[in-house]
């Protein structure tokens, strides 16, 4: 039943409750999972300490690790749904794979859920992962200081949890204290390294849509875009688009970035050209505009570059702190004829 419940929980989280990070019911659900996991850890240690003699209660003890396992599985399924939407695979694949591994490996962890240090380490990982995107939603701002605050709150909460556990079963906490603190410190350092090397997706921001266009105009609330038609399979991939440049025209990069309600921030479009001689990407210009949160399809905006040379280009969609939200890649080819264009409305 456990794998079936895990798959069902993942589908519900992904498609109904956790479509966006500022859904109240979704966050209540994640907090509930964290609470269930903490309660299961405390209950298991209390029973294993020998303080419970009731036969009926003892008969339920084997099911506590399963409950804990389900709670952690549901948490990481929700995190995978949220973080994968925000991740630029080119940069954040390590963190997304780590979350996916915790989800997929959840079935393999059944015996480890009886070990105290493993329980505390996984709970701290789940707590920190939650606060990384929850605090920006509550505070309506993003930045390194919010991440550091998430780390401080995580440390404070896990310390409070260990303190409460010590009151229940002091001998068990004393026996594992040194190892548990080392595990918490290692996880904390790992999160900080991943964040400050831009390997953690910049939740709560996520790229909903992006592309390169020949023209962008706005009429009321609608954006009218002129694009080259793509084969059906590349319309799904939107990868390595060819941009046929006619008579020195410029290129527009249009993006739609989701942000939670009440959050406003600055988005950067970093235009880069691949220099074959240098064998490296060279930044040609960096343009910025402000976005405002709350729209399901994301806040729409665009930048234009008039001077383009033939070759490979990419536009990095960045936060004002340099975190990569997404990327648009395309190849510029000078064309003697005007390419066929189709209109898209966003």
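The values are calculated or read from the model by the stated rules, or taken from the named source; none is laboratory data. Since we're looking at a predicted model, the values are computed, not measured. All Cβ positions, glycine included, derive from the backbone under ideal geometry; neighbour counts span all protein chains shown.
Inclusion of residue 121 among residues that are more than 30 Å from residue 258 (Cα to Cα), without any contact (Cβ under 8 Å) to a residue 24 or more places away in the chain, over 18 Å from the mean Cα position of the chain (by Cα) and assigned to a helix (DSSP H, G or I) is not warranted.
Just one of (1) part of a loop (DSSP other than H, G, I, E, B); (2) touching a strand residue (DSSP E or B) at 6+ places or on another chain (Cβ under 7 Å); (3) closer than 21 Å to residue 223 by Cα fails for residue 338. It is (3).
Under the condition of being touching a residue at least 12 places away in the same chain (Cβ under 8 Å) and surrounded by 14 or more Cβ atoms within 10 Å (Cβ to Cβ), the residues counted in region 161-172 number 6. Residues in region 291-320 that are exposed (fewer than 15 other Cβ atoms within 10 Å of the Cβ), within 18 Å of residue 141 (Cβ to Cβ) and either modelled with pLDDT of 90 or more or not assigned by TED's automatic domain parsing to the domain that holds residue 247 (or both): 320 only.
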